[in-house]
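Derivation of every value follows stated rules applied to the coordinates shown; laboratory data play no part. What you see is a predicted model, and the numbers here were worked out from it, not measured in a lab. Note that each Cβ is placed from the backbone with ideal geometry, even for glycine, and that neighbours are counted across all protein chains shown.
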Amino acid sequence: MTEDFFEPVPEPPPPERHEPPVWWQPPPDEFAALVPERRILARTARGVVLQLSHIDAFRQGCSLRIRVGAHRQAGISEADWWDLHETVIGGARMRHRRGSGGLPDDLLRLGVQFPDGRKATTTGGPELNFHDDREPDGPVLVRSGGGGGGSDRVVTSTWSLWLWPLPPAEPFD
């Protein structure tokens, strides 16, 4: 066989780059202004505490940093403790699927309400697609990061929630 028997393999086209829309995540090329806001958002009978630790404000939206924690209370069964552990980390959210009926009792729900009454939650709203060029009506609240861990006595987690658009300067819930 000769060298010209096989034709050269053509160069593949460069991959398409799709920049995340502004409503999907904090902008990668902008530094945030820190809003020093710290408050306890909720305490449950099962010992879960939610705290807003701070807000990172950007021109288009803001990142809400939420800390979630629980200490094992006396008398809680092993199975109930590990279910609570999963709730704090966010596993209950992963088990929940849209259209599956009501929300599970152990689903951690977070939401924001603007002064004009519009709201965004971690459990509802429109189906969002990163690759969709259409801008949602807003507001949008999506989990954009976080992590956590624990043991047989304590569990903690940090959630980053991206809120778009940036709320007005007025107080909001």
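Just subtract the alpha-carbon distance of residue 172 and residue 34 from 0.36 nm times their residue separation and send over the number in nm, one decimal. Let's see the in-between values first.
Numbers: separation 138, 0.36 × 138 = 49.68 nm, distance 1.71 nm.
Taking residue 172 through residue 34 to full extension adds about 48.0 nm, to one decimal.
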Kindly rank 111-120, 60-69, 152-161 from highest to lowest mean number of other beta carbons found within 10 Å of each residue. 60-69, 152-161, 111-120
Tell me which residues come under 5 Å, amide H to amide H, from residue 154 once H is placed; ignore anything under 5 positions away on its chain. 72
Between residue 153 and residue 5, what's the calculated FRET efficiency when r is the beta-carbon distance and R0 is 45 Å? Round to 0.05. 0.05
